[in-house]
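Please read the structure below before turning to the comments.
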């Protein structure tokens, strides 16, 4: 069993993001970068599947700049076995990234690809579904689980995705409830927030990660068409809401909502 | 110029409000590109749905096939890509619902087309506006491939109304290959509620971590929610703490909402929450901490202990009725 897990380098979700005045991008001065939080959940799920037995190998894959090796090291420190970084230009779009992962998943003969449901920088929520289409594999997006993150199962680090007899059973977060589906492996599964709470890398884990294999490959050596089909022309700051006012009491609040705003 | 094809999502034989939004967006896109807006309905036994969609004044293609009885991405994507190619649509549009988000990128990859997610506006020059970085930046993007795939933000367009001359309904053969039928739908556990659906409610009351427990959501927040006939939402912090299920989460990673009135109770206003509600018409914040960022987007702010203020507000609202 081989599990490929994607790891994207993204700005810290708690950082204040500001658009540069010339609209060419965001201001990256002093910006801290982390593993995309959804990808972190995917790494955790892969490790739980591995730890449950069956001898899975967990391979991390990333596409981007050389500095993305920092995030791959983080994933290796959590417990992944090895990592592959595809060095590629920054203007790649989701389809280009999916085509690179398609090549990697094929070359690696992966049985399962686990990914975050979206990256918190471009917020596109596309790459996993695109990859599944290119591979001709079934997909299960927004994997979640019924138990809360405070449950016993979670404390015991049980995987939420059930694998047995070459089939994955996945509970998905959809509008209005939870859907369960089954698909044969190989498959692409993207994960939502409530699937698990990712572990922290331990100190021994961090030490071990330094010695684990992290292979760098140039994108143009893969023979994959990654010419972007979408282009960002410019970025603008979002429109600001006008400042409101403070009310002194609940009575005043209900009165203004009723009489002035006519909202209730 | 090319035609726009709208994927018309339906559930339990009903056309969803989000589908009306997608039709409105599709008509807008077609008007700007000089093409025609058409729709496509996929499913099994969906003649009534197709006829209803046609009442919005659009031509409707229907793929009626047993393999489409339950929604699965692989079968739906195969059928949808085929309709796009066969009917020569230049742009495929759907609402960015759970189904739209799951389905459209798969279709885009089958077509080899570029895709833009969560689009808020179609510009006259063919470019699109979409949020990035949890709504902290608005990107103007262009799709350069001949075929284009676009999911639209459900709060960004007013739902289309029925009217105009009813469109024709045309059946299209599916031809879904065996490889696209690998996924098996097992079950759907609907969260039953007498309250309005979060993404369709005109009033939303959301609670944050300051509620302290799931029990307090029930005893403190819910009476206000029900007195207002509102839907209940929550911040990610409250969801992560296990107070309420994730389907109530409002934010970048949860539901994006824009009701007429949004009341944030005990929510500090993290960037990722604001991204999901700041397009609401009127925002009210109730929070003990006067410095909480939520007050910067609120039209009306009340600095107060929610455990006192919310029950008081419930009583005041009841007096109005």
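The values are calculated or read from the model by the stated rules, or taken from the named source; none is laboratory data. The model shown is predicted, which means the values in this text are computed figures rather than measured ones. Here the Cβ positions follow ideal geometry from the backbone for every residue, glycine too, while neighbour counts run over all protein chains shown.
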Unique match (being in contact with a helix residue (DSSP H, G or I) (Cβ under 8 Å, 6 or more places away or on another chain) and surrounded by fewer than 23 Cβ atoms within 10 Å (Cβ to Cβ)) among A:158, A:139, A:162: A:158
Among residues of region B:151-176, those that are in contact with a helix residue (DSSP H, G or I) (Cβ under 7 Å, 6 or more places away or on another chain) and under 23 Å from residue B:108 (Cα atoms), counted: 8
Unmet requirement for residue A:188, which otherwise passes all of (1) touching a helix residue (DSSP H, G or I) at 6+ places or on another chain (Cβ under 8 Å); (2) assigned to a strand (DSSP E or B); (3) more than 12 Å from every other protein chain (Cβ to nearest Cβ): (3)
Among the candidates A:181, A:235, residue that is buried (at least 18 other Cβ atoms within 10 Å of the Cβ), over 22 Å from the mean Cα position of the chain (by Cα) and part of a strand (DSSP E or B): A:235
Residue that is surrounded by the most Cβ atoms within 10 Å (Cβ to Cβ) [pool: residues in region B:214-249 that are at pLDDT 95 or above and in a strand (DSSP E or B)]: B:233
Qualifying residue in region B:255-272 (condition: in contact (Cβ under 8 Å) with a residue 24 or more places away in the chain, in a helix (DSSP H, G or I) and surrounded by 21 or more Cβ atoms within 10 Å (Cβ to Cβ)): yes
Which listed residue is at pLDDT below 95 and closer than 30 Å to residue A:190 by Cβ, from B:321, B:278: B:278
Residue, nearest to residue B:156 (Cα to Cα), within region B:182-208, restricted to residues that are in contact with a strand residue (DSSP E or B) (Cβ under 7 Å, 6 or more places away or on another chain) and free of Cβ contacts under 8 Å to residues at least 24 places away in the same chain: B:190
Residue that is modelled with the lowest pLDDT, among those in region A:120-167 that are assigned to a strand (DSSP E or B) and more than 10 Å from chain B (Cβ to nearest Cβ): A:164
Count of residues meeting criterion [under 21 Å from residue A:130 (Cα atoms) and surrounded by 15 or more Cβ atoms within 10 Å (Cβ to Cβ)] in region A:184-196: 9
Residue match in region A:243-251 (condition: without any contact (Cβ under 8 Å) to a residue 12 or more places away in the chain, at the interface with another protein chain (Cβ under 10 Å from one of its Cβ atoms), loosely packed, with under 14 Cβ neighbours inside 10 Å and in a strand (DSSP E or B)): yes
Condition met for residue A:40 (within 17 Å of the chain's Cα centre (by Cα) and either part of a strand (DSSP E or B) or surrounded by 19 or more Cβ atoms within 10 Å (Cβ to Cβ) (or both)): yes
Residue in region A:98-119 that is without any contact (Cβ under 8 Å) to a residue 40 or more places away in the chain, under 18 Å from the mean Cα position of the chain (by Cα) and either assigned to a loop (DSSP other than H, G, I, E, B) or surrounded by 24 or more Cβ atoms within 10 Å (Cβ to Cβ) (or both) present: yes
Unique residue being modelled with pLDDT under 95 and either away from chain A (no Cβ under 11 Å) or surrounded by fewer than 17 Cβ atoms within 10 Å (Cβ to Cβ) (or both) when the list is B:146, B:156, B:160: B:156
Hits in region B:163-193 (condition: assigned to a loop (DSSP other than H, G, I, E, B) and within 11 Å of chain A (Cβ to nearest Cβ)): B:177, B:182, B:183, B:191, B:192, B:193
Residues satisfying the stated conditions in region B:273-303, i.e. in contact with a strand residue (DSSP E or B) (Cβ under 8 Å, 6 or more places away or on another chain), within 9 Å of chain A (Cβ to nearest Cβ) and surrounded by fewer than 20 Cβ atoms within 10 Å (Cβ to Cβ): B:281, B:290, B:303
Residue list for region B:96-135, restricted to those being at the interface with chain A (Cβ under 7 Å from one of its Cβ atoms), free of Cβ contacts under 8 Å to residues at least 24 places away in the same chain and more than 17 Å from the chain's Cα centre (by Cα): B:109, B:127, B:133
Subset of region A:13-25 [loosely packed, with under 15 Cβ neighbours inside 10 Å and modelled with pLDDT under 95]: A:14, A:16
